[in-house]
Amino acid sequence: MAAIELKGKAKGIYENVVEKNPGQPEFHQAVKEVLASIEPALKAHPEFEKAKIVERLVEPERVIMFRVPWVDDNGEVQINRGYRVEFNSAIGPYKGGLRLHPKVNLSILKFLGFEQILKNALTTLPMGGGKGGSDFDPKGKSDNEVMKFCQSFMNELYRHIGADTDVPAGDIGVGGREIGYMFGQYKKLTNKFESVLTGKGIEYGGSLVRPEATGYGLLYFVREMLKLKKETVKGKVVAISGSGNVSQYAAQKTIQMGGKVVTLSDSAGVIHDAEGIDENKLAYVMELKNIKRGRIKEYAEKFGCEYEPNEKPWKFKCDIALPSATQNEINKDDAKKLINNGVIAVGEGANMPSTIEAIDLFLANNVLFGPAKAANAGGVATSGLEMCQNRIGLSWTFEEVDAKLDGIMKSIFNQCTTSAEKYAKDKTNLVVGANIGGFMKVGKAMLAQGIV
Ligand code: NDP
């Protein structure tokens, strides 16, 4: 865990979280990172301390854990574990993705759910925080097996969610295919066609721009961030990790803004294409990953560039780094390599991809740093726009949704710089800005609603 030391009240709250949630290091890390930066806001608002807002914030309102039995293509019974963490509903129905990955556990889902509370608050839309998923591994499974799993998962989840209660979305391992199977089963079980999931197909209530939203939103945020140094994306060398949903559309928007994407990766290794990944090469990646469900190594074989197994992108020289794969993928050593190679900005596409020590290094070395809960909020914001369209029964055009997304990312950035300036006396400290900006909104809502 990180070197930073908490003091006073924050230390006590953190120790209590560690004691009450043993064996959940990712959750501890997410709480510590927030506690380390919200102290100035707590000092300015003693009413929060009296009402124990922070102590309540770190305790999920509800955690649901359940058995997910299904039958594979060989007729064998398989059993997975399903979860939904309904963390905080102070400002709206619980909202946050479902992750399907063999490493999913309560620690990971609680860190994600906790982050989601503050992220959703920053989006300007009325959404509480939640997260869920299962240790099911979609890799190597047939469509039929994925469908069987999704249906069984929904057989339990449906009784806990609803358009005004809890509205899950996609995350790692959950894209349009999985959302479709889950939505179909929800409808069958409840006889209701309602906005219970986002990331739906465009034919049945989905929103244009939702697939692109997290990656595009990340670049809109990075564009704003670069203005602090009077810089733009144009002409910059950009390293991206991952090759899934967020990475693909972060790469696409980078290319559209005139940047040069030189890396992509997956859990097996990284490709480095010094000539740059252009629109055509990216189209190949999208087909490889979304349709053929292949490995990024095949890109190197096709285009004849470097491939390094079991490596991450951070050793390659770049101006902008966009970690967009998974949590804790940039540690202290990775951060040092990026800084030594002259990185000027880091935008977090994934959730908590940088360790606390890595973040401290970036801030200490004057690297512009866009924390996940602000920089990748475009996905959930567009999910909020999908819910909005479902409520009014209309579909907005691509341009309309994209313009709203851009506006929301600018607003998130402005909230971050305003809070950073007020509480850290440094408008470039977007970590403090995002944490306090989100916290103040949720804290005030919790205060207004009494001890519930
Ligand atoms: P996808 O499943 O589409 O892609 C995930 C990518 O990350 C894949 O390339 C995967 O490689 C790689 N990856 C996963 N685990 C590891 C690992 N341990 N080491 C290295 N690479 C890994 O997921 P998304 O793109 O949707 O999500 C990526 C990140 O962005 C997550 O942190 C997610 O929480 C976050 N996020 C996603 C949002 C969304 O709208 N989708 C919204 C906000 C945040 P492989 O195929 O080998 O597993």
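Taking the stretch 154-170, which residues are within 14 Å of the ligand (Cβ to nearest atom) and either surrounded by fewer than 18 Cβ atoms within 10 Å (Cβ to Cβ) or part of a loop (DSSP other than H, G, I, E, B) (or both)?
Of everything in the stretch 154-170, just one residue is within 14 Å of the ligand (Cβ to nearest atom) and either surrounded by fewer than 18 Cβ atoms within 10 Å (Cβ to Cβ) or part of a loop (DSSP other than H, G, I, E, B) (or both), namely GLY170.
Please go through the stretch 268-287 and give me each residue that is surrounded by 19 or more Cβ atoms within 10 Å (Cβ to Cβ) and either over 25 Å from ILE344 (Cα atoms) or near the ligand (Cβ under 10 Å from one of its atoms) (or both), ordered by number.
VAL270, LYS281, VAL285
Among the residues of the stretch 171-207 satisfying the criterion of being β-branched (Val, Ile, Thr) and either within 16 Å of the ligand (Cβ to nearest atom) or within 19 Å of ASN245 (Cα to Cα) (or both), which is farthest from the chain's Cα centre (by Cα)?
The extreme case among them is ILE202.
Whether any residue in the stretch 315-322 is open to solvent by 10 Å² or more (accessible area, probe 1.4 Å), out of contact with any Pro (no Cβ under 7 Å at 6 or more places or on another chain), away from the ligand (no atom under 16 Å from the Cβ) and over 24 Å from PHE111 (Cβ atoms) is what I want to check.
Step one: of the stretch 315-322, the residues open to solvent by 10 Å² or more (accessible area, probe 1.4 Å) are 315-317, 319.
After this cut, where a residue has to be out of contact with any Pro (no Cβ under 7 Å at 6 or more places or on another chain) as well, the list is 315-317, 319.
If we keep only those that are away from the ligand (no atom under 16 Å from the Cβ) as well, we get 317, 319.
Among the residues that remain, those that are also over 24 Å from PHE111 (Cβ atoms) are: 317, 319.
Checked the stretch 315-322: at least one residue is open to solvent by 10 Å² or more (accessible area, probe 1.4 Å), out of contact with any Pro (no Cβ under 7 Å at 6 or more places or on another chain), away from the ligand (no atom under 16 Å from the Cβ) and over 24 Å from PHE111 (Cβ atoms).
Please find, among ALA358, ALA434, ALA375, ALA350, the residue that is buried (at least 24 other Cβ atoms within 10 Å of the Cβ) and touching a Cys at 6+ places or on another chain (Cβ under 8 Å).
Working: ALA358 fails: touching a Cys at 6+ places or on another chain (Cβ under 8 Å); ALA375 fails: touching a Cys at 6+ places or on another chain (Cβ under 8 Å); ALA350 fails: touching a Cys at 6+ places or on another chain (Cβ under 8 Å).
Of the residues listed, the single one that is buried (at least 24 other Cβ atoms within 10 Å of the Cβ) and touching a Cys at 6+ places or on another chain (Cβ under 8 Å) is ALA434.
Of the residues in the stretch 205-237, how many are more than 12 Å from ASP406 (Cβ to Cβ), part of a loop (DSSP other than H, G, I, E, B), touching a residue at least 12 places away in the same chain (Cβ under 8 Å) and of a type outside the set (Ser, Thr, Tyr)?
Total meeting the criteria: 10.
Would you list the helices (runs of 4 or more DSSP H) that sit entirely within the stretch 333-405 and hold 1 or more residues that are in contact (Cβ under 8 Å) with a residue 24 or more places away in the chain and more than 14 Å from the ligand (Cβ to nearest atom)?
Hits in the stretch 333-405: 356-364, 378-392.
Every residue in the stretch 398-418 that is open to solvent by less than 60 Å² (accessible area, probe 1.4 Å) and closer than 13 Å to GLU212 by Cβ, please.
Narrowing the stretch 398-418 to residues open to solvent by less than 60 Å² (accessible area, probe 1.4 Å): 401-402, 405-409, 411-413, 415-417.
VAL401, ASP402, LEU405, ASP406, MET409 - these are the residues of the stretch 398-418 that are open to solvent by less than 60 Å² (accessible area, probe 1.4 Å) and closer than 13 Å to GLU212 by Cβ.
For the stretch 89-103, which residues satisfy the criterion of being within 18 Å of LEU197 (Cβ to Cβ) and part of a loop (DSSP other than H, G, I, E, B)?
SER89, GLY92, PRO93 - these are the residues of the stretch 89-103 that are within 18 Å of LEU197 (Cβ to Cβ) and part of a loop (DSSP other than H, G, I, E, B).
Among the residues of the stretch 292-314, write down those that are away from the ligand (no atom under 13 Å from the Cβ), open to solvent by 80 Å² or more (accessible area, probe 1.4 Å) and not in a strand (DSSP E or B).
Residues satisfying the conditions are GLU301, LYS302.
Answer yes or no: is there a residue in the stretch 304-319 that is free of Cβ contacts under 8 Å to residues at least 40 places away in the same chain and of a type in the set (A, V, I, L, M, F, W, C).
Within the stretch 304-319, one or more residues are free of Cβ contacts under 8 Å to residues at least 40 places away in the same chain and of a type in the set (A, V, I, L, M, F, W, C).
The values are calculated or read from the model by the stated rules, or taken from the named source; none is laboratory data. In this text the structure is predicted, and so the values were computed from the model without any measurement. Reconstructed Cβ throughout: ideal geometry from the backbone, glycine too, with neighbour counts over all protein chains shown. Note: accessible area is taken over every heavy atom of the protein model, side chains too, but ligands, DNA and RNA are not part of it. Shrake-Rupley method; radii C 1.70, N 1.55, O 1.52, S 1.80 Å.
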